[in-house]
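Since the structure comes first, as structure tokens, the remarks are kept for the end.
We did not get these values from a lab; they are worked out from the coordinates using the rules stated. In this text, all values refer to a predicted model and were calculated from it rather than measured experimentally. When we count neighbours, we look across all protein chains shown, and the Cβ atoms used for this are built from the backbone with ideal geometry, even at glycine.
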Amino acid sequence: MKWFWYASPQTFFPLAGTIARWCAVAAAALTAIGLYIGFFVAPTDAQQGEVYRIIFIHVPAAWMSMFIYLVMAFWAALGLALNTRLSAMMAAALAPTGALFTFIALWTGSLWGKPTWGTYWVWDARLTSELILLFLYFGFIALRAAIEDPRRADRAAALLAIVGVVNVPIIYYSVQWWNTLHQGASVSFSRAPTMAATMLAGMIIMALAFWLYSIAVSLVRVRCMIREGA
Amino acid sequence: MLAAARCIVYRDLLLAVRRRSDVMTTLLFFVIVVSLFPLGVGPEPELLRAIGPGVIWVAALLASMLGLGRLFEADHADGTLEQLALGGAPLGVVVCAKALAHWLATGLPLVLVAPLLALQYGLPAPLYAVLALSLLLGTPVLSLIGAIGAALTLGLRGGGVLLALLVLPLFVPVLVLGAGAVEMAAAGIGGQAQLLLLAAMLVAAAAFAPWAIAAALRISLE
């Protein structure tokens with residue numbers, strides 16, 4: 001298969017449109033199924049009651065927020081190494097979606113935290129590193145926006161994404177260690193050991209829906225960028 | 001290669017000595033920020049002793065970020081940086097030397113003045129050495145990571161604020177380990193683990209950051 005055939009924005013443009021359309025339809029269908037399972041099929045949690053149902057949004061969003069950063073850094077590195085304009089466009093198109101999912105994960109997490117822990121925010125390791133991840137996304141978007149020359153913007157943002165992706169594990173472990181040092185709120189994430197099969201199914205279907213949504217949205221964004229550049 | 005590095009360190013230090021106000025403003029900023037906290041949170045000795053290490057570290061973080069904008073700015077404006085990039089010495093060595101000179105001019109004074117501020121916060125005397133050591137290991141990392149951001153934002157409008165947005169999230173591990181070392185020592189457990197990790201971060205940053213700084217400079221100079 002000729003991969004580089006589609007590395008040209010011109011040939012990629014129609015393909016992106018087709019993929020985006022199918023992914024959008026599939027994402028809508030899977031979201032409907034996932035939310036139906038989440039709200040009507042999955043049983044009420046014995047300990048947390050109805051409030052746990054936010055995990056059908058929260059957990060997939062948190063997965064996506066981290067995964068999209070990796071994908072973004074991958075495209076950024078590819079763009080730097082091969083000097084392909086489309087790779088940089090993919091990285092730039094993924095950033096707002098990644099930031100959105102990071103924000104959703106933080107937001108739904110705090111909504112879940114209020115009834116469960118009695119507070120909207122704790123300086124837990126996961127919450128804190130997710131917040132820093134949001135800052136990293138903002139930095140990437142801001143740097144791209146601040147540079148007028150598109151080639152320099154692509155390459156500078158790509159380098160920042162690579163530096164960020166090297167730092168993400170360091171930040172995560174340092175924050176985790178910091179949290180155990182302080183041992184402030186006695187909060188634990190330990191869930192019930194077994195999760196009902198329908199709960200897991202709902203979560204995985206929602207994660208798939210978020211994947212497809214991210215693909216669709218970022219491809220539409222890439223198409224806009226190709227149009228702007230042309 | 002080493003001669004070129006020595007030459008750049010000497011030149012940048014000479015420039016810093018000639019323009020003493022740049023060095024002094026960073027140092028004064030550090031002292032003023034640390035002095036503002038008791039005015040904000042109240043003068044209770046226990047409270048100050050508890051927040052002291054964190055406040056001093058955050059202030060050091062901000063102060064070393066403040067000077068970063070000047071790291072490549074003047075050389076970029078008069079074309080020296082392009083000559084350095086075109087010259088025979090590898091750009092990685094050049095930026096390493098510039099980061100070292102920058103740290104000697106702005107980071108080292110913070111390390112030296114920090115025990116005095118610890119005294120103001122009523123930290124017990126054995127902690128001064130731990131605080132100074134943690135800053136001694138941590139501030140070069142800040143200079144190296146910050147130089148990546150400085151190179152990326154070179155010549156941009158509103159570069160200073162953007163630089164803060166780019167590098168402050170990356171400073172988090174240094175802050176956690178640096179302030180953590182002092183707090184652990186204050187708790188009587190000893191902060192060796194944190195100090196060793198800080199040293200490891202310094203080694204890693206010294207090995208990898210020059211590549212990234214040089215790449216970022218090449219992107220900005222095109």
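Worth pointing out:
- Taken one residue at a time, the phi angles of segment A:147-153 give Karplus couplings (6.51, -1.76, 1.60, θ = phi - 60°) of 9, 7, 5, x, 5, 5, 4 Hz. Gly and Pro are set to x.
- Backbone geometry of segment B:125-140 corresponds, through the Karplus equation with coefficients 6.51, -1.76 and 1.60 at θ = phi - 60°, to 3J(HN,Hα) couplings of 4, x, 7, 4, 5, 5, 4, 5, 5, 5, 5, 4, 7, x, 5, x Hz, x marking Gly and Pro.
- Simple Cβ-charge dipole of chain A, Lys/Arg +1 and Asp/Glu -1, about Cα centre, in debye nearest 20: 520
- Per-residue ellipticity at 222 nm, computed for chain A from helices alone with -39500 (n - 2.57) per DSSP H run of at least four residues, works out to -27500 deg cm²/dmol.
- Along chain A, longest interval not containing exposed chymotrypsin sites (Phe, Trp or Tyr not before Pro), exposed being DSSP loop plus at most 12 other Cβ atoms within 10 Å: A:1-119
- In a simple Cβ point-charge model (Lys, Arg +1; Asp, Glu -1; nothing else charged), segment B:48-163 has a dipole of about 340 debye relative to its Cα centre.
- 3J(HN,Hα) along segment B:42-57: x, x, 4, x, 5, 4, 5, 5, 6, 8, x, x, x, 4, 5, 5 Hz, from the Karplus curve 6.51 cos²θ - 1.76 cosθ + 1.60 with θ = phi - 60°, whole Hz, x for Gly and Pro.
- Top of A:116, A:11, A:31 by mean-square fluctuation, Gaussian network on chain A, Cα under 10 Å: A:11
- Each helix, a run of at least 4 DSSP H residues, gives -39500 (n - 2.57); summed and divided by the residues of chain B, these come to -27500 deg cm²/dmol at 222 nm.
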